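Enquirer: Below is a structure I'd like to ask you about.
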Amino acid sequence: MSRRSLVLLLLLSAFWGASYLFIKVALEDGVSPWAIVSIRTALAALVLLPLAAQRGVLGSVRERFGPIVVLAFVQVAVPLTLIGLGEERISSSLTGILVATAPIFTFLLAFALSGEQRASRASLVGVAIGIVGVGMLLGVDAGGGAEALVGGMFIILAAFGYAVAAWYLKRNLKGVEPVATVAGTQAVAAVVTLPLGLLHIPDSAPGLDAVASLLTLGVICTGIAFVIFHSLVASDGPARASLVGYIAPVFSIFYGVVLLDESFSVYTAAGLVLILGGSWLAAGGELPTRRRDVAAAGDPHGGPDAPLLEGGAERRNRVAA
């Protein structure tokens, strides 16, 4: 990986890891999860639609409008709303760790629904390790009783949604340029979440911190972040680009602890290691330098096992190669 690619990878991880921080700031200022999703996706669409139009790839979205709408719900509107509802109950750093369970669900879905993923011993061990990590975080580290448990389950459901979205995307949107897919799903998600967002307008105008957080969340952490991600996929291949899914949670913890004064215990550290390690094993457990980056020229998504992430956190969807 070149110095440029390394800088882009760290920058992308910092952006996607920060998304949970900005969601928390907006929530604490009284902005509802539905409003956050609607504003965020609308801003991201304003960044991505002109880019897709400039590249002349929006026509492929019109031809697959039905699957784009389905994907907008499964990959964007529903998971991002669940993340917002979850962050009303748990910390931003814990949210970033739990979202990283998506590769575990991806493996389970691929194995259960299509038999494409070989159930190796390492993969099964990874699933077990990841489940232990989730149990440790929710049962020991969250410390908020039933409310924290509900919040954690919202985040787990969001991670599951990312895995389902990757499975659906692979089967229904082959041949569509990734930038067009992301632009289309963000635009549709902005439209479908607008009514709920308008129904949950805060009683008072959000403060400067919340407004700045929403702008940064939509423009940088979603719109610009996806441009960087696809640049990395093009230059270094999907396997190396997928490393962002393992680095972003570290940034989310750093932001939460340093900027929001969230706690970081030995159980948080253990849960982080178990979930990231389990996800890595479930995704194949190979170092990127030893993988064959098989991003086929005819498949803009990088082949059937390309890592299609969502930053995101808050990120597109985190799917290991």
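The values are calculated or read from the model by the stated rules, or taken from the named source; none is laboratory data. On a predicted model such as this, the values are computed, not experimentally measured, just so you know. Counting neighbours? That spans all protein chains shown, and the Cβs are built from the backbone with ideal geometry, glycine included. Note: accessible area is taken over every heavy atom of the protein model, side chains too, but ligands, DNA and RNA are not part of it. Shrake-Rupley method; radii C 1.70, N 1.55, O 1.52, S 1.80 Å.
Enquirer: Does the range 238-275 hold any residues that are among the aliphatic types (A, V, I, L, M), within 25 Å of SER2 (Cα to Cα) and in contact with a Pro (Cβ under 7 Å, 6 or more places away or on another chain), and which are they?
Expert: ALA239, ALA241, LEU243
Enquirer: In the set ILE201, ILE253, ILE228, ILE247, which member is farther than 19 Å from SER93 by Cα, surrounded by 15 or more Cβ atoms within 10 Å (Cβ to Cβ) and β-branched (Val, Ile, Thr)?
Expert: ILE228
Enquirer: Name the residue, out of VAL37, VAL70, that is touching a Ser or Thr at 6+ places or on another chain (Cβ under 9 Å) and within 18 Å of GLY161 (Cα to Cα).
Expert: Of the residues listed, the single one that is touching a Ser or Thr at 6+ places or on another chain (Cβ under 9 Å) and within 18 Å of GLY161 (Cα to Cα) is VAL37.
Enquirer: Which pairs turn up if I take residues in the range 166-179 that are within 16 Å of ARG62 (Cβ to Cβ) and look for partners that are of a type in the set (A, V, I, L, M) and crowded, with 20+ Cβ neighbours inside 10 Å with beta carbon separation below 6 Å, at least 6 apart in sequence or on another chain?
Expert: Partner pairs satisfying both residue conditions: VAL179/ALA52.
Enquirer: Considering only the range 199-216, how many residues are in a helix (DSSP H, G or I) and in contact (Cβ under 8 Å) with a residue 60 or more places away in the chain?
Expert: Summing the residues that are in a helix (DSSP H, G or I) and in contact (Cβ under 8 Å) with a residue 60 or more places away in the chain in the range 199-216 gives 7.
Enquirer: Another question, if that's okay. Spot the failing condition for GLY237; the list is (1) out of contact with any strand residue (DSSP E or B) (no Cβ under 9 Å at 6 or more places or on another chain); (2) at negative phi, and only one is missed.
Expert: Just one mismatch for GLY237, condition (2).
Listed here are the residues, each with its yes/no results for (1) modelled with pLDDT under 90; (2) open to solvent by 40 Å² or more (accessible area, probe 1.4 Å); (3) not in a helix (DSSP H, G or I).
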{"position": "VAL25", "(1), (2), (3)": "no, no, no"}
{"position": "VAL31", "(1), (2), (3)": "no, no, yes"}
{"position": "THR41", "(1), (2), (3)": "no, no, no"}
{"position": "ARG62", "(1), (2), (3)": "yes, yes, no"}
{"position": "LEU71", "(1), (2), (3)": "no, no, no"}
{"position": "SER93", "(1), (2), (3)": "no, no, no"}
{"position": "ALA112", "(1), (2), (3)": "yes, yes, no"}
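Here is a yes/no grid of residues against (1) of a type outside the set (Gly, Ala, Ser); (2) closer than 18 Å to LEU173 by Cα:
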| position | (1), (2) |
| --- | --- |
| SER38 | no, no |
| LEU46 | yes, no |
| ALA52 | no, yes |
| VAL69 | yes, yes |
| LEU80 | yes, no |
| SER91 | no, no |
| LEU94 | yes, no |
| THR101 | yes, no |
| PHE111 | yes, no |
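Enquirer: If you don't mind, there's one more thing I want to ask. Restricting the search to the range 227-283, which residues are aromatic (Phe, Trp, Tyr) and in a helix (DSSP H, G or I)?
Expert: Result: PHE229, TYR246, PHE251, PHE254, TYR255, TYR267, TRP280.
Enquirer: Further question on the same structure: Regarding ALA189, is this residue in a helix (DSSP H, G or I) and in contact with a helix residue (DSSP H, G or I) (Cβ under 9 Å, 6 or more places away or on another chain)?
Expert: Yes: the conditions hold for ALA189.
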